[in-house]
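For reference, the structure is listed below as structure tokens.
The values are calculated or read from the model by the stated rules, or taken from the named source; none is laboratory data. If you're wondering where the values come from, they're calculated on a predicted model, not measured in any experiment. In this analysis, Cβ positions are derived from the backbone assuming ideal geometry, glycine residues included, and neighbour counts consider all displayed protein chains. Side chains are part of the model used for accessible areas, which takes the heavy atoms of the whole protein and leaves out ligands, DNA and RNA. Shrake-Rupley method; radii C 1.70, N 1.55, O 1.52, S 1.80 Å.
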Amino acid sequence: MAYSEKVMDHFANPRNVGELAGANGIGEVGNSKCGDIMRMYIKVENNIIQDVSFKTFGCGAAIATSSMATELIKGKTIEEALQLTNSAVMEALDGLPPVKVHCSVLAEQAIKAALKNYYENQGIDPTPFIGEIPECHHDHGDSCGCGSCE
Ligand code: FES
């Protein structure tokens, strides 16, 4: 399966890359399947994601999905951002090859990790809002349902 035009566009011209000055939530997650890392920065004011950016060591699919994910949550409420799934990001990009689905999980998890950090910075327990961010503890080849392994 070839990459869609949208994937190629977001890979070649990623939106919202780099550190974010004034970020009040920073989340970092790793992908157990490939070992790549994603860091997400968010700036929340009045429950709205005013700004967001990302940095990744991930592959082109990770760059494209993170770019799209940041565009999808910018200007949205925290509740809306928490509902963003990797499937919705892939849909917005007109799909990804099956072997690259795990890359899209990084963006979803990094957003949740950044929002978790935001709540912690506010002195609020994030668990009721975010729950547990699934982390994969399995070796490659196993599946624990975290989304990173299959
Ligand atoms: Fe690691 Fe895509 S192969 S994020």
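Can you tell me which residues in the range 49-89 are farther than 17 Å from Val17 by Cα and open to solvent by 50 Å² or more (accessible area, probe 1.4 Å)?
Lys76, Glu79, Glu80, Gln83, Thr85, Ser87
Between a residue in the range 1-17 that is among the acidic types (Asp, Glu) and any residue that is assigned to a loop (DSSP other than H, G, I, E, B), which pairs come within a Cβ distance under 8 Å, given they are 6 or more apart or on different chains?
Close Cβ pairs satisfying both conditions: Glu5/Asp94.
Specify the residue that is farthest from the ligand (Cβ to nearest atom); the eligible residues are those in the range 58-88 that are closer than 17 Å to Asn117 by Cα and among the hydrophobic types (A, V, I, L, M, F, W, C).
Across the range 58-88, the extreme among qualifying residues is Ile78.
Which of the residues that make up the range 2-24 are part of a helix (DSSP H, G or I) and either buried (at least 19 other Cβ atoms within 10 Å of the Cβ) or of a type outside the set (D, E, K, R) (or both)?
Result: Val7, Met8, His10, Phe11, Ala12.
Which residues, counting only those in the range 91-118, are away from the ligand (no atom under 16 Å from the Cβ), surrounded by fewer than 19 Cβ atoms within 10 Å (Cβ to Cβ), on the phi < 0 side of the Ramachandran plot and in contact (Cβ under 8 Å) with a residue 12 or more places away in the chain? Spell out how you get there, then give the answer.
Of the residues in the range 91-118, the ones away from the ligand (no atom under 16 Å from the Cβ) are 91-92, 94, 112, 114-118.
Cutting the leftovers down to surrounded by fewer than 19 Cβ atoms within 10 Å (Cβ to Cβ) gives us 91-92, 94.
If we keep only those that are on the phi < 0 side of the Ramachandran plot as well, we get 91-92.
Within the range 91-118, just Ala92 meets the criteria.
Name the single residue, out of those in the range 36-57 being more than 16 Å from the ligand (Cβ to nearest atom) and not in a strand (DSSP E or B), that is nearest to Glu120 (Cα to Cα).
Checking each candidate, the answer is Asn47.
Restricting the range 25-35 to residues that are open to solvent by less than 50 Å² (accessible area, probe 1.4 Å) and part of a loop (DSSP other than H, G, I, E, B), which is farthest from the ligand (Cβ to nearest atom)?
Top of the filtered list is Ser32.
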